[in-house]
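The values are calculated or read from the model by the stated rules, or taken from the named source; none is laboratory data. Keep in mind the model is a prediction, meaning the values are calculated, not measured. So basically every Cβ, Gly included, is an ideal-geometry build from the backbone, and we count neighbours across all protein chains shown. SASA here: full protein model, heavy atoms, side chains in, ligands and nucleic acids out. Shrake-Rupley method; radii C 1.70, N 1.55, O 1.52, S 1.80 Å.
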Amino acid sequence: MKETIRTLVETFGPAGSEERVREAVAGMIRDRCDSLTVDALGNLIAFREGKRGGGGGGEGAGPKRMMLAAHMDEVGLIVTHVDEKGFMRFAPVGGVDAFTMLGQRVVFGNGATGVVWMEKLDKMKDLRFDKMFVDVGAASAESAGVSVGDAAVFDRKMAQIGKRLTSKSMDDRAGCAVLVETIRRLGPAPCDLFFVFTVQEEVGARGATTSAYGINPDMAIAVDVTAVGDTPKAATMDVSLGKGAAIKVKDSYLVAHPRVRDLLVATAKDSGIPYQMEVLERGGTDAGPIHTTREGVPSGVISIPTRYIHTPCETVDVEDVEACVRLLERTLMKGV
Ligand code: CO
Ligand code: ZN
């Protein structure tokens, strides 16, 4: 599990450029799926057929369809202008803030490394992206090797701190790892399963929007990170690292369907899996657009408690990730 997470978090994949993550995931699950396809926007869809006569499907109806979603993309920056000396101006990709970017080392898709710094400012509170630049060590725009429209991500390897793992892009490669690990362990389930590794969540959950329409599921569960309230003087939030899988009740874009929420809670209780209830006051996941697809899809989220989201130091507890895998695996064995 730890090595799966390491491989995925250390792969380059800003929103819109998820190819390398998709290849890494496909390599991990190819021999465990009935089919593996890539749709028009780049979502990777792993299909596992449900066992027939195993419940799920009603009289005359086909088997029920369950969609699982975790996003492959990560936050980063995108070059908006290269000046004559080779310094680059940039815009954020996804919800990353200027203070987090300052002083970071970033890496582009072609392997070029950049460092992020700022103009002279009188007050640090004036720090904004338009006062910042990326230096790739080039003397001119021509020699920069990076141009307008190229995206970069934090340059950061995973490290273990205590029994926790810290890295860039735990959001949501840790969620991708939960799906991968579930596919590896899962026996024949009573319903058809569509494991979707989505694109462009960080810029508006666009891959989830189209893939949910295409799959037309009867139920959906997203796996993503959620914030915690367990660091010094943090905003009050009843989720902590090390207390198990978080079962979402609500965030900015979703009120979890009671049927899905109750299924997750009952499964956690039955199987003795540690869990905690999550109310996230700001933010959302792929389950937001999924649940309003077509005539509506009962949806919920299994969340991985995570500190320092959208920084190079996103930190998770391995046992929480393990609890998420067990919860998802047990839930899928029950079916829709
Ligand atoms: Co995110
Ligand atoms: Zn996420």
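Out of curiosity, is Thr209 within 16 Å of ligand 2 (Cβ to nearest atom), open to solvent by 20 Å² or more (accessible area, probe 1.4 Å) and of a type in the set (Ser, Thr, Tyr)? Here the answer is yes, as Thr209 does meet what is asked. Looking only at segment 209-239, how many residues end up being within 18 Å of Met170 (Cβ to Cβ) and in a strand (DSSP E or B)? Here the count works out to 5.
Does Ala256 fit the bill of being assigned by TED's automatic domain parsing to the domain that holds Gly42 and away from ligand 1 (no atom under 16 Å from the Cβ)? Write out each step before concluding.
Working: assigned by TED's automatic domain parsing to the domain that holds Gly42: yes; away from ligand 1 (no atom under 16 Å from the Cβ): yes.
In short, yes.
Looking only at residues that are in a loop (DSSP other than H, G, I, E, B) and of a type in the set (D, E, K, R) in segment 84-133, which one is farthest from Glu74 (Cα to Cα)? Out of the qualifying residues, it is Asp122. Summed over segment 117-136, the residues that are open to solvent by 60 Å² or more (accessible area, probe 1.4 Å) and of a type in the set (Phe, Trp, Tyr) give a count of 1. Pairs linking a residue in segment 66-89 that is within 16 Å of Pro289 (Cα to Cα) to a residue that is of a type in the set (Phe, Trp, Tyr) and more than 16 Å from ligand 1 (Cβ to nearest atom), with Cβ atoms under 8 Å and 6 or more positions apart or on different chains, are Met66/Phe194; Met67/Phe194; Leu68/Phe194; Leu68/Phe195.
Results for (1) within 16 Å of ligand 2 (Cβ to nearest atom); (2) without any contact (Cβ under 8 Å) to a residue 12 or more places away in the chain, shown as yes or no for each residue.
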{"position": "Leu121", "(1), (2)": "no, yes"}
{"position": "Ala141", "(1), (2)": "no, no"}
{"position": "Val146", "(1), (2)": "no, no"}
{"position": "Phe154", "(1), (2)": "yes, no"}
{"position": "Met158", "(1), (2)": "no, no"}
{"position": "Gly187", "(1), (2)": "no, no"}
{"position": "Gly204", "(1), (2)": "yes, yes"}
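Cβ-Cβ contacts under 9 Å between residues 6 or more apart (or on different chains), taken from a first residue in segment 306-320 that is farther than 11 Å from Gly242 by Cβ and assigned to a loop (DSSP other than H, G, I, E, B) to a second residue that is of a type in the set (S, T, N, Q) and within 15 Å of ligand 2 (Cβ to nearest atom), are listed as Thr306/Thr226; Thr306/Thr315; Tyr308/Thr315; Ile309/Thr226; Pro312/Ser167; Pro312/Ser169; Cys313/Ser167.
Kindly establish whether Pro14 is touching a residue at least 12 places away in the same chain (Cβ under 8 Å) and either under 23 Å from Val301 (Cβ atoms) or assigned by TED's automatic domain parsing to the domain that holds Ala287 (or both). Here the answer is yes, as Pro14 does meet what is asked.
Only one entry in Lys334, Lys233 is in contact (Cβ under 8 Å) with a residue 60 or more places away in the chain, over 19 Å from the mean Cα position of the chain (by Cα) and more than 16 Å from ligand 2 (Cβ to nearest atom), namely Lys334.
Taking segment 127-156 as the range and being charged (D, E, K, R) and at pLDDT 95 or above as the test, the residues that pass are Arg128, Asp130, Lys131, Asp135, Asp150, Asp155, Arg156. The residue that is nearest to ligand 1 (Cβ to nearest atom), among those in segment 143-201 that are in a helix (DSSP H, G or I) and open to solvent by 20 Å² or more (accessible area, probe 1.4 Å), is Glu181. Among the residues of segment 243-277, those identified as closer than 14 Å to Val297 by Cα, assigned to a helix (DSSP H, G or I) and touching a residue at least 12 places away in the same chain (Cβ under 8 Å) are Arg259, Val260, Arg261.
The residues on offer are Val239, Val279, and the sole one that is away from ligand 1 (no atom under 16 Å from the Cβ) and not polar (S, T, N, Q) is Val279. Would a scan of segment 27-36 turn up a residue that is at pLDDT 95 or above, within 16 Å of ligand 2 (Cβ to nearest atom), of a type in the set (Val, Ile, Thr) and not in a strand (DSSP E or B)? Checked segment 27-36: no residue is at pLDDT 95 or above, within 16 Å of ligand 2 (Cβ to nearest atom), of a type in the set (Val, Ile, Thr) and not in a strand (DSSP E or B). Annotation: Ala139 fulfils all but one of (1) outside the structural domain of Asp34 (by TED's automatic domain parsing); (2) closer than 30 Å to Arg184 by Cβ; (3) open to solvent by 30 Å² or more (accessible area, probe 1.4 Å); the unmet one is (2). Taken over segment 8-25, the criterion of being of a type outside the set (A, V, I, L, M, F, W, C) and surrounded by 18 or more Cβ atoms within 10 Å (Cβ to Cβ) is satisfied by Thr11, Gly13, Pro14, Gly16, Ser17, Glu18, Arg22.
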